[in-house]
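**Q** Attaching a single structure in structure tokens format; questions to follow.
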Amino acid sequence: LGYPVERWLREPDFWARRIHPEDRDTVMQTYRTALAESRDHEFEYRAVAADGREVWLRDIVHVVLDAEGRPLTLRGLTVDLTELKRSERALHTSEEQLRQAQKMDAVGKLAGGIAHDFNNLLMVIRGDSDLMLRRLAPGHSLRRNAEGIRDAADQAATLHELRLCLDVHD
């Protein structure tokens, strides 16, 4: 963490004060409980380095007992997990971005399928309205309805083409 060894050895609560303030209570409670129960323990926490960096650590602690089974001393190992945590965060971010890209791809495929089906329906409506207009005499009462259907299909096709053009340019 970049602190002189003398400070670790000289100041009894030096370690506790190096624990990140947000983690300190939890870590100290875990430590005290394990020590009171004379059991080995392992935990991860953040600490603050001498230069102010946040560092992730894992403490692996073995409780050495005296002849009566009381804690005599602690032996342990502290492992710097900072790069591992950074890699895990980057992996999580990448996985989230991949999920979002997959969702967008699925939405795009769905929209493409819907657009294709919509276009097919418009072609049927347009074709049927043209057939109706060919069969209806110029003064027939349904001719205006058939023309309205054809015009609506043409307007829908124009909107559909405009939307497709906008999608291509996005």
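**Q** What are the pairs with Cβ atoms under 6 angstrom where one residue, in segment 147-158, is under 18 Å from Ile114 (Cβ atoms) and the other, located anywhere, is open to solvent by less than 50 Å² (accessible area, probe 1.4 Å) and at pLDDT 85 or above? Sequence gap at least six, or different chains.
**A** Within 6 Å, the pairs are Ala153/Leu122; Ala156/Leu122; Ala157/Leu122.
**Q** What number of residues within segment 41-52 satisfy the criterion of being in contact (Cβ under 8 Å) with a residue 12 or more places away in the chain, open to solvent by 50 Å² or more (accessible area, probe 1.4 Å) and closer than 22 Å to Val5 by Cβ?
**A** 2
**Q** Any idea how many residues of segment 81-97 are open to solvent by 100 Å² or more (accessible area, probe 1.4 Å) and either polar (S, T, N, Q) or in contact (Cβ under 8 Å) with a residue 12 or more places away in the chain (or both)?
**A** Summing the residues that are open to solvent by 100 Å² or more (accessible area, probe 1.4 Å) and either polar (S, T, N, Q) or in contact (Cβ under 8 Å) with a residue 12 or more places away in the chain (or both) in segment 81-97 gives 1.
**Q** If you don't mind, there's one more thing I want to ask. Of all residues being among the aliphatic types (A, V, I, L, M) and exposed (fewer than 14 other Cβ atoms within 10 Å of the Cβ) in segment 107-136, which is modelled with the lowest pLDDT? Just the residue, please.
**A** Of all residues in segment 107-136, those among the aliphatic types (A, V, I, L, M) come to 107, 110-111, 114-115, 121-125, 131-133, 136.
Restricting the remaining residues to those that are exposed (fewer than 14 other Cβ atoms within 10 Å of the Cβ) gives 107, 110-111, 114, 121, 123-124, 131.
Values: Val107: 85, Leu110: 84, Ala111: 79, Ile114: 82, Leu121: 88, Met123: 88, Val124: 90, Leu131: 92.
Once the filter is applied, the top-ranked residue is Ala111.
Conditions tested, residue by residue: (1) modelled with pLDDT of 90 or more; (2) within 25 Å of Asp66 (Cβ to Cβ); (3) surrounded by 12 or more Cβ atoms within 10 Å (Cβ to Cβ); (4) under 31 Å from the mean Cα position of the chain (by Cα).
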position: Leu9; (1), (2), (3), (4): no, yes, no, no
position: His20; (1), (2), (3), (4): yes, no, yes, yes
position: Asp23; (1), (2), (3), (4): yes, no, yes, yes
position: Ala34; (1), (2), (3), (4): no, yes, yes, no
position: Arg39; (1), (2), (3), (4): no, yes, yes, no
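**Q** Turning to a different aspect of this structure: Can you find a residue that is surrounded by 12 or more Cβ atoms within 10 Å (Cβ to Cβ) and either assigned to a helix (DSSP H, G or I) or in contact (Cβ under 8 Å) with a residue 40 or more places away in the chain (or both) anywhere in segment 58-79?
**A** Looking for residues that are surrounded by 12 or more Cβ atoms within 10 Å (Cβ to Cβ) and either assigned to a helix (DSSP H, G or I) or in contact (Cβ under 8 Å) with a residue 40 or more places away in the chain (or both), one finds none in segment 58-79, hence no.
The values are calculated or read from the model by the stated rules, or taken from the named source; none is laboratory data. Everything quoted here is computed from the prediction, not taken from an experiment. A quick note on method: Cβ atoms are made from the backbone with ideal geometry, for glycine too, and the neighbour counts reach across all protein chains shown. These accessible areas exclude ligands, DNA and RNA; they are computed on the full protein's heavy atoms, side chains included. Shrake-Rupley method; radii C 1.70, N 1.55, O 1.52, S 1.80 Å.
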